[in-house]
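The values are calculated or read from the model by the stated rules, or taken from the named source; none is laboratory data. For clarity, every value in this text was computed on a predicted model and none was experimentally measured. Methodologically, a virtual Cβ is constructed for each residue, glycine included, from the backbone with ideal geometry; neighbour enumeration extends over all protein chains shown.
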2 protein chains.
Amino acid sequence: MLGERWTLLILRDALLGSTRFADFQRSLGLAPDVLTDRLATLVEFGVLTREPYQDQGSRVRHEYRLTPAGRELQLVLTALQQWGDDHLPRPDGPSLLRRRMGTDEPVRVGLIDEAGNEVGLDELTLIATPSHPDWTG
Amino acid sequence: MLGERWTLLILRDALLGSTRFADFQRSLGLAPDVLTDRLATLVEFGVLTREPYQDQGSRVRHEYRLTPAGRELQLVLTALQQWGDDHLPRPDGPSLLRRRMGTDEPVRVGLIDEAGNEVGLDELTLIATPSHPDWTG
């Protein structure tokens, strides 16, 4: 779903508050038929809902709002943004800071065990199950 | 970089150990010119290195290995996989389990403050800086 061109950028805009077709199009400058297709995919996968709205004197249009599942993709985008800040830094520094609401403490994405303690990325192991295509038992 | 079609899937395969052009192509079934293009992008952004190798009796080929920065993208892919397990579960359960090496404790991706304590996704706030395109001061 996120591997299609534009989808990550549409999601980033949605997480920053865009809801209207025209907002996404203005921000991303992509062809309307491509935007329509990608928004439909995100609705199909339960990331966005599509609801009608009508401005006075205009025809009915639709707005796209993140579902609770869609809002949880913030963690994926934040991990990606953090990676970019670390490995592809902009000359003028990061464009967004990740902070804890209220205290403004820096916050980062990491691995956590069941007790809530941090785990190093080099301590992570991925174990294939029988439902994995490469599983051999 | 990751918003191009196929790039996330190539990265997933690289993190699972693929290094050779033929491995990626067999796994993903994409056109050779597209694979060449996407691998070149990942080399350009410092995610993969491209090194020659030669099997006996064959011509020189290249293998693609993750850089240390590339290996850190595991956190992004793991966050995405976790989201899929939570919100788009397979009928036969997750294909990969995330565990701590040695103890096999479950591990998940989350937000952490500077003291190493977990922070809820609803406590995260993103603060735009002057280098953000929408910054208004």
Quiz item: Among the residues of the stretch B:50-68, how many are surrounded by 10 or more Cβ atoms within 10 Å (Cβ to Cβ) and either at pLDDT below 95 or over 27 Å from the mean Cα position of the chain (by Cα) (or both)?
Solution: 3
Exercise. Looking at (1) free of Cβ contacts under 8 Å to residues at least 40 places away in the same chain; (2) of a type outside the set (S, T, N, Q); (3) farther than 12 Å from A:Ile112 by Cβ, find the lone condition where B:His62 falls short.
Key: (1)
Quiz item: Could you list, in sequence order, the residues of the stretch B:66-78 that are more than 7 Å from chain A (Cβ to nearest Cβ) and outside any helix (DSSP H, G or I)?
Solution: B:Leu66, B:Thr67
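Show me the helices (runs of 4 or more DSSP H) entirely contained within the stretch B:1-65 in which 2 or more residues are under 19 Å from B:Leu80 (Cα atoms). Steps first, please.
Values: elements: B:7-15, B:21-28, B:32-44.
Passing ranges, in order: B:7-15.
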Quiz prompt | Hits in the stretch B:2-50 (condition: within 13 Å of chain A (Cβ to nearest Cβ), in contact (Cβ under 8 Å) with a residue 40 or more places away in the chain and farther than 23 Å from A:Leu126 by Cβ) | solution = B:Thr41, B:Phe45
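Considering only the stretch B:89-134, state which residues are aliphatic (A, V, I, L, M) and either in contact (Cβ under 8 Å) with a residue 40 or more places away in the chain or more than 7 Å from chain A (Cβ to nearest Cβ) (or both).
Filtering the stretch B:89-134 down to residues aliphatic (A, V, I, L, M) leaves B:96-97, B:101, B:107, B:109, B:111-112, B:115, B:119, B:121, B:124, B:126-128.
Hit for the stretch B:89-134 is B:Ala115, nothing else.
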Quiz item: Could you count how many residues in the stretch B:73-116 are closer than 21 Å to A:Ala115 by Cβ and surrounded by fewer than 15 Cβ atoms within 10 Å (Cβ to Cβ)?
Solution: 9
Exercise. Report, by residue number, each residue of the stretch A:81-115 that is in contact with a helix residue (DSSP H, G or I) (Cβ under 8 Å, 6 or more places away or on another chain), modelled with pLDDT under 95 and of a type in the set (A, V, I, L, M).
Key: A:Leu96, A:Met101
Quiz item: Mind checking which residues of the stretch B:79-88 are more than 7 Å from every other protein chain (Cβ to nearest Cβ) and touching a strand residue (DSSP E or B) at 6+ places or on another chain (Cβ under 7 Å)?
Solution: B:Gln81, B:Gln82
